[in-house]
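Participant: Before anything else, here's the structure in question.
The values are calculated or read from the model by the stated rules, or taken from the named source; none is laboratory data. Owing to the predicted nature of the structure, the values given are computational and were not obtained by experimental measurement. Methodologically, a virtual Cβ is constructed for each residue, glycine included, from the backbone with ideal geometry; neighbour enumeration extends over all protein chains shown. When the accessible area is computed, the model is the full protein with side chains, heavy atoms only, and any ligands, DNA or RNA have been set aside. Shrake-Rupley method; radii C 1.70, N 1.55, O 1.52, S 1.80 Å.
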Amino acid sequence: MIDVENLNVTFKSGNALMHAVRDVSFFVEEGETFGIVGESGSGKSSVLRAIAGLIESTHSKLSINGKPTSARQARENSRLMQMVFQDPYGSLHPRHTVDSILREALIIHSIDNQDKCILKAIADVGLGVEHRYRYPHQLSGGQRQRVAIARALILSPPILLLDEPTSALDVSVQAEILNLLGRLRESYSLTNILVSHDLAVVAHLCSRIAVMQFGRIVEVISAEDLRRGKTKEAYTAELIFASRGFSRVS
Amino acid sequence: MSEILLDVQDLNVSFPSQRGTTKAVRNASFTLGRERLGIVGESGSGKSTMGRAILGLTPSPGIVTAKKITFNGENLLGRSEADWQLLRGRRMTMVMQDPKYSLNPVMKIGHQIGETCRLNLGVTGQEAQRRSLAMLDAVKIRDPDRVYNLYPHELSGGMGQRAMIAMMLVAEPDLLIADEPTSALDVTVQNEVLRILDALVRDRGMGLIFISHNLTVVSSFCDRILVMYGGKILEECKAKELHHAKHPYTQALIAAAPSLYERRAELATVVRNPEWLK
Ligand SMILES: Nc1ncnc2c1ncn2[C@@H]1O[C@H](COP(=O)(O)OP(=O)(O)OP(=O)(O)O)[C@@H](O)[C@H]1O
Ligand SMILES: Nc1ncnc2c1ncn2[C@@H]1O[C@H](COP(=O)(O)OP(=O)(O)OP(=O)(O)O)[C@@H](O)[C@H]1O
Ligand SMILES: [Mg+2]
Ligand SMILES: [Mg+2]
């Protein structure tokens, strides 16, 4: 479904060049949830943004359902895939209420029963009607993140690109969101790419997980092997060790 | 631990609006010594609001009342904004939950950290630059020289979070409220940042309030934990004993966390009980 071959992303700031993504290749099947973990700054968000067509990239292939992503119109793209950004504050319009943030996509795609859709989307992510007319700054961090998830889900797109979708959620709300994503995958074979720092979260939801460091995928590991600690790369083993918690002796 | 740095009694924060009043914090009382106090709890339970109220940063139209809030024995209630300016930064500070929102979007990272340095420590330009670079390096930024010259939108999520931590720590505060400071960091970098915070508490006697959703981190890193729900502190326990917590909410929280070692089809969810807020 999602086919990425030799993806490269470079950024220019001032006269410095930064090669953020280096020769990244992977394939995600329809209905699969593919995970990406790795070092902070290793290029995970850049991979998602390149797939969504939000930043420039070079590649030998970047296609969805066999069709190059760049050949599509923005409107068609937004029906096909939605992205939940790592930084919910930056991605929600500060002067729009939750209601108008959610309504926007419904208007663009002329969808009926907008109020019903909005109420369902709010309830699906565990928010209440009292949040419907609030502005982003009147919500807690986790409530904002759930608005971003609700906005991505409201069009029921076949593909979701999720960048740290539960990092601001307590484990009880996280459990509800992960269960929701699991149910959607069952009910309409939703395809996901999930970026997370939480190995337990990726192992729970994903079948295969790419481990990134310095812009490259150093290893693709199955959830089973991750659980059993059957790693090929030392870096992956380090991540597993570090996720056991903080240790005062060093 | 015996020495009390921060004493909060009966703190209430509410947000009035035409659609009714939100009671974000209800009768919260706790003390903090030179230790690591963890705060966990449901999204929207009032953790950030409580942190902001302690630092006099409640946005309008929020209303803060308390029987007592003291810091090093000094009363913090009813202070003027000029008073707060003197206290915040050098003596008490907060790492905010949304780093990109809290950083100045049109100022280079290095200058922002350097500015904090100059304002709070009175050091000169070059010394400020040296300290800023050293701090970026301490929070494990791979190439401090490059990042020093970047704008906030050019940073990855975790780099922004570490820039924010660097900016707060460079002022050497006595009290740090860290709101989800490591949520965007991979686990190895997270442990390095925790090591820095740990050393500041141990060696410099800093008081640390550590707000986090990560139960593994909180229970392995903190000394004590407060559990919040619906604006109330439901229970307090020793960090090491979190897994034997008594309150049904805390028990449900622990059960809802996915595990790396055990496969589950569905995660347990919490059945919320209105009785908990009585
Ligand atoms: N707009 C930009 N301009 C310049 N450099 C950028 C820009 N966006 C990202 N970068 C750089 O690209 C690298 C990769 O960033 P990216 O956001 O993809 O990392 P990440 O793996 O998502 O990290 P994190 O886990 O911290 O979110 C970083 O070094 C970052 O500074
Ligand atoms: N300016 C505001 N106006 C109205 N309500 C607000 C405002 N700021 C916060 N709230 C509400 O107060 C409650 C507590 O919010 P707070 O940000 O303290 O939660 P939190 O425990 O930090 O949650 P999270 O873990 O999601 O960050 C929430 O229900 C939130 O919607
Ligand atoms: Mg990222
Ligand atoms: Mg918060």
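Participant: Give me the residue from the range B:240-261 that is without any contact (Cβ under 8 Å) to a residue 60 or more places away in the chain and within 7 Å of chain A (Cβ to nearest Cβ) and, out of that set, farthest from B:Leu277 (Cα to Cα).
Facilitator: Top of the filtered list is B:Tyr261.
Participant: Would you tally the residues in the range B:192-219 being among the hydroxyl-bearing types (Ser, Thr, Tyr) and in contact with a Lys or Arg (Cβ under 8 Å, 6 or more places away or on another chain)?
Facilitator: Number of matching residues: 2.
Participant: Show the residue pairs meeting these rules: Cβ distance below 7 Å; 6+ apart or different chains; first residue within the range A:160-186 and farther than 14 Å from A:Ser196 by Cα; second residue within 16 Å of ligand 2 (Cβ to nearest atom) and of a type in the set (Asp, Glu).
Facilitator: Short answer, once both residue conditions are applied: A:Asp170/B:Glu42; A:Ser172/B:Glu42; A:Val173/B:Glu42.
Participant: Here is a follow-up. Can you tell me which residue within the range B:124-136, out of those that are among the hydrophobic types (A, V, I, L, M, F, W, C) and open to solvent by less than 30 Å² (accessible area, probe 1.4 Å), is farthest from B:Tyr148 (Cα to Cα)?
Facilitator: Out of the qualifying residues, it is B:Ala128.
Participant: Of the numbered conditions (1) out of contact with any strand residue (DSSP E or B) (no Cβ under 6 Å at 6 or more places or on another chain); (2) surrounded by 15 or more Cβ atoms within 10 Å (Cβ to Cβ); (3) in a loop (DSSP other than H, G, I, E, B), A:Ser78 satisfies every one except a single condition; which is it?
Facilitator: Among (1) out of contact with any strand residue (DSSP E or B) (no Cβ under 6 Å at 6 or more places or on another chain); (2) surrounded by 15 or more Cβ atoms within 10 Å (Cβ to Cβ); (3) in a loop (DSSP other than H, G, I, E, B), A:Ser78 violates only (3).
Participant: Sticking with this structure for a sec: If you go through the range A:45-63 one residue at a time, do you hit one that is among the aliphatic types (A, V, I, L, M), away from ligand 3 (no atom under 16 Å from the Cβ) and modelled with pLDDT under 95?
Facilitator: yes
Participant: Count, please, the residues in the range A:165-202 that happen to be in contact with a Phe, Trp or Tyr (Cβ under 9 Å, 6 or more places away or on another chain) and either within 9 Å of chain B (Cβ to nearest Cβ) or open to solvent by 10 Å² or more (accessible area, probe 1.4 Å) (or both).
Facilitator: Count: 2.
Participant: Could you check the range B:59-98 and list, in sequence order, the residues that are open to solvent by 60 Å² or more (accessible area, probe 1.4 Å), in a strand (DSSP E or B) and more than 16 Å from ligand 2 (Cβ to nearest atom)?
Facilitator: B:Lys68, B:Glu74, B:Asn75
Participant: Condition first: in the same structural domain as B:Thr269 (by TED's automatic domain parsing), touching a Cys at 6+ places or on another chain (Cβ under 9 Å) and in a loop (DSSP other than H, G, I, E, B). Can you find one or more residues in the range B:16-33 that meet it?
Facilitator: Among the residues of the range B:16-33, not one is in the same structural domain as B:Thr269 (by TED's automatic domain parsing), touching a Cys at 6+ places or on another chain (Cβ under 9 Å) and in a loop (DSSP other than H, G, I, E, B), which makes the answer no.
Participant: Does the range B:107-140 hold any residues that are within 25 Å of B:Ser48 (Cβ to Cβ) and either in contact with a Gly (Cβ under 6 Å, 6 or more places away or on another chain) or β-branched (Val, Ile, Thr) (or both), and which are they?
Facilitator: B:Ile109, B:Ile113, B:Thr116, B:Asn120, B:Val139
Participant: Of all residues in the range A:120-150, which are among the aliphatic types (A, V, I, L, M), surrounded by 15 or more Cβ atoms within 10 Å (Cβ to Cβ) and not in a loop (DSSP other than H, G, I, E, B)?
Facilitator: Within the range A:120-150, A:Ala121, A:Ile122, A:Val147, A:Ala148, A:Ile149, A:Ala150 qualify.
Participant: Report the residue count in the range B:170-182 for those that are within 16 Å of ligand 2 (Cβ to nearest atom), in a loop (DSSP other than H, G, I, E, B) and in contact (Cβ under 8 Å) with a residue 40 or more places away in the chain.
Facilitator: Residues of the range B:170-182 within 16 Å of ligand 2 (Cβ to nearest atom): B:177-182.
Next, from what is left, pick out any that are in a loop (DSSP other than H, G, I, E, B): B:180-182.
Going one step further and asking which of them are in contact (Cβ under 8 Å) with a residue 40 or more places away in the chain, we end up with B:180-181.
The qualifying residues number 2.
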